[in-house]
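The structure appears right after this line, and notes come after that.
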Amino acid sequence: MRSAPIVFITGASSGIGSALASHYARQGAVLGLAARRGEQLKAIAEKLYSEGAQQVRCYPLDVTDAAALRAAAEDFIVPHGAPDIVIANAGVSSGTLTECAEDLGVIRRIFEINVYGMAATFAPFIAAMRQAATVGKAGRLVGIASVAGIRGLPGVEAYSASKAAAITYLESLRVEMREAGIKVVTIAPGYIETPMTEINPYRMPFLLSADEAARRFARAIERGTSYTVIPWQMGIVAKILRLLPNVLYDSLCAKAPRKPRGL
């Protein structure tokens with residue numbers, strides 16, 4: 001019989017993180033959940049037990065706090081061992097304009113959460129996962145990026161740039177972890193129904209529910225896919241945009257609707 005997975009997820013209090021937690025709870029998983037909203041985490045934990053989770057440990061923290069993440073990782077590893085899966089899902093999105101001085105703090109915060117927070121999430125688990133890999137337990141480090149990182153989008157320069165950085169960071173990490181036997185999975189979602197996208201004032205093609213996205217993410221994680229865009233249709237759109245000459249891309253995007261500013 002296949003053993004229940006041991007999974008640690010950041011940004012677990014809503015959206016994709018919560019949907020992923022529910023997906024693994026139905027497999028009887030041991031779950032570590034991290035997010036800033038502690039009360040919401042507790043409520044989600046109660047739901048996850050009813051869905052079949054074996055155990056749920058909650059860690060109210062900010063992913064930019066590396067010391068808090070180290071403490072959470074130690075607390076999680078000591079009773080359960082190295083996780084099978086660590087999902088760096090915490091992320092924020094906002095419209096930003098470099099010309100607006102008041103947006104500079106938002107730009108910094110986006111990079112701190114979306115890039116630094118991802119590295120800070122993985123760092124305290126790698127040693128235990130390396131050790132586990134020596135006895136045949138191939139763990140997965142999973143980073144949630146975005147198709148917005150494939151080409152810079154107007155009005156969300158910080159978000160696009162942070163996700164481009166995340167994609168490149170995860171590629172470097174994948175090569176670094178190869179010899180250790182740890183798989184690094186990069187998932188670049190398109191539009192998913194979450195609190196992050198519900199404020200978008202424009203049509204979102206190929207929109208997926210969070211639950212459906214979680215199922216597709218989990219399949220990619222199980223396979224150990226190095227890089228995938230979900231849904232696949234957005235992958236085709238992103239590749240086309242990547243191949244467009246700058247003059248055509250700029251013309252197409254110049255009057256595109258913008259995401260509201262401010263976190």
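The values are calculated or read from the model by the stated rules, or taken from the named source; none is laboratory data. Quick caveat, the model's predicted, so the values are computed rather than measured. Here the Cβ is made from the backbone with ideal geometry for all residues, glycine too, and neighbour counts use every protein chain on show.
A Cβ distance below 6 Å, combined with a sequence gap of six or more or placement on separate chains, defines the contacts here; from the range 220-233, residues that are in contact (Cβ under 8 Å) with a residue 12 or more places away in the chain reach residues that are assigned to a loop (DSSP other than H, G, I, E, B) and among the hydrophobic types (A, V, I, L, M, F, W, C) in the pairs PRO231/PHE206; GLN233/PHE206.
To keep it simple, each residue is scored yes or no on (1) surrounded by 21 or more Cβ atoms within 10 Å (Cβ to Cβ); (2) out of contact with any Ser or Thr (no Cβ under 6 Å at 6 or more places or on another chain).
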{"site": "GLY136", "(1), (2)": "no, yes"}
{"site": "SER146", "(1), (2)": "yes, yes"}
{"site": "GLY152", "(1), (2)": "no, no"}
{"site": "ALA166", "(1), (2)": "yes, yes"}
{"site": "SER172", "(1), (2)": "no, yes"}
{"site": "GLU212", "(1), (2)": "no, yes"}
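The number of residues in the range 24-49 being more than 16 Å from PRO83 (Cα to Cα) and surrounded by fewer than 19 Cβ atoms within 10 Å (Cβ to Cβ) comes to 11. Annotation: VAL156 fulfils all but one of (1) more than 23 Å from ALA90 (Cα to Cα); (2) crowded, with 17+ Cβ neighbours inside 10 Å; the unmet one is (1).
Would the range 112-121 turn up any residue that is under 14 Å from the mean Cα position of the chain (by Cα), crowded, with 16+ Cβ neighbours inside 10 Å, aromatic (Phe, Trp, Tyr) and under 22 Å from GLU176 (Cβ atoms)? Within the range 112-121 (the criterion being under 14 Å from the mean Cα position of the chain (by Cα), crowded, with 16+ Cβ neighbours inside 10 Å, aromatic (Phe, Trp, Tyr) and under 22 Å from GLU176 (Cβ atoms)), the answer is yes, since at least one residue qualifies.
Collect the residues in the range 50-59 that are on the phi < 0 side of the Ramachandran plot and surrounded by 14 or more Cβ atoms within 10 Å (Cβ to Cβ), keeping them in residue-number order. Within the range 50-59, GLU51, ALA53, GLN54, GLN55, VAL56, ARG57, CYS58, TYR59 qualify.
From the list LEU41, LEU97, LEU61, the one residue that fits, being at pLDDT below 95 and out of contact with any Phe, Trp or Tyr (no Cβ under 9 Å at 6 or more places or on another chain), is LEU97. Out of the range 1-30, which residues are over 16 Å from the mean Cα position of the chain (by Cα) and either under 23 Å from ALA68 (Cβ atoms) or assigned to a loop (DSSP other than H, G, I, E, B) (or both)? MET1, ARG2, SER3, ALA4, PRO5, ILE6, ARG26, GLN27, GLY28, ALA29, VAL30, listed by residue number. Among the residues of the range 31-53, the ones that are outside any strand (DSSP E or B) and either small (Gly, Ala, Ser) or within 16 Å of VAL63 (Cβ to Cβ) (or both) come to 10 in all. Yes or no: the range 174-186 includes at least one residue that is farther than 19 Å from LEU141 by Cβ, surrounded by 22 or more Cβ atoms within 10 Å (Cβ to Cβ) and either of a type in the set (A, V, I, L, M) or at pLDDT below 95 (or both). Within the range 174-186, none of the residues are farther than 19 Å from LEU141 by Cβ, surrounded by 22 or more Cβ atoms within 10 Å (Cβ to Cβ) and either of a type in the set (A, V, I, L, M) or at pLDDT below 95 (or both). Within the range 100-145, restricting attention to residues that are assigned to a loop (DSSP other than H, G, I, E, B) and at pLDDT below 95, the residue that is farthest from PRO245 (Cα to Cα) is VAL135. When the range 149-173 is filtered for residues that are among the charged types (D, E, K, R) and modelled with pLDDT of 95 or more, the ones remaining, listed by number, are LYS163, GLU171.
Going through (1) among the β-branched types (Val, Ile, Thr); (2) closer than 23 Å to THR194 by Cα; (3) without any contact (Cβ under 8 Å) to a residue 60 or more places away in the chain one by one, ILE16 falls short only on (3).
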